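Visitor: Please read through the structure below; I'll follow up with questions.
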């Protein structure tokens, strides 16, 4: 065992590979320098253990909480910016594709007009089919009004559900932090 290994065993004997206790004591205390180093180390360790523990600086907790709040705000801002940039890029891409499609149809104004007329005719046919279906179930206009009322009610419930999900997703806890 060389001098450095013996010195390491003296400083922290628990981290080293265990060896027989008698050999350890005989080898560590053999050189005079090592004995001096061991005495100095143990004296310093006893002095360190005797000293009282220091507490944090005055205002540390307040500064830490403020810094934590700033970091959380920055994180929230970053998330909002990422979400908005994702939504805006998706909207931009959608409108770009719609614009390209519109430009392709604008090559011929007659084709654009015929597409609009065809769309209006298809919408009218869909409404007529819905009215016929509802009248087959029970009397025409009252059923149509009932169907519209049901659609409006389902839409309103969907809005309420979305609002409640948004509210519960950002519940404020007692310490002012959102989940």
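The values are calculated or read from the model by the stated rules, or taken from the named source; none is laboratory data. All values reported here derive from a predicted model rather than from experimental measurement. Note: ideal-geometry Cβ built from the backbone for every residue, glycine included; neighbour counts use all protein chains shown.
Visitor: Could you pull out the residue among 63, 72 that is surrounded by 10 or more Cβ atoms within 10 Å (Cβ to Cβ), touching a residue at least 12 places away in the same chain (Cβ under 8 Å) and farther than 30 Å from residue 8 by Cα? Even if it seems obvious, please write down each step before you answer.
Guide: Working: 63 fails: touching a residue at least 12 places away in the same chain (Cβ under 8 Å).
That would be 72, the only listed residue that is surrounded by 10 or more Cβ atoms within 10 Å (Cβ to Cβ), touching a residue at least 12 places away in the same chain (Cβ under 8 Å) and farther than 30 Å from residue 8 by Cα.
Visitor: Could you figure out which of (1) modelled with pLDDT of 75 or more; (2) closer than 30 Å to residue 75 by Cβ isn't true of residue 102?
Guide: Exception for residue 102: condition (2).
Visitor: Another question, then. Taking the conditions exactly as written (in contact with a helix residue (DSSP H, G or I) (Cβ under 6 Å, 6 or more places away or on another chain), modelled with pLDDT of 70 or more and not assigned by TED's automatic domain parsing to the domain that holds residue 73), does residue 119 satisfy them or not? Steps first, please.
Guide: Working: in contact with a helix residue (DSSP H, G or I) (Cβ under 6 Å, 6 or more places away or on another chain): no; modelled with pLDDT of 70 or more: yes; not assigned by TED's automatic domain parsing to the domain that holds residue 73: yes.
Judged against the criteria, residue 119 is not a match.
Visitor: Would you confirm whether or not segment 27-42 contains a residue that is under 30 Å from residue 5 (Cβ atoms), at pLDDT below 90, touching a helix residue (DSSP H, G or I) at 6+ places or on another chain (Cβ under 6 Å) and outside any helix (DSSP H, G or I)?
Guide: Scanning segment 27-42 turns up at least one residue that is under 30 Å from residue 5 (Cβ atoms), at pLDDT below 90, touching a helix residue (DSSP H, G or I) at 6+ places or on another chain (Cβ under 6 Å) and outside any helix (DSSP H, G or I).
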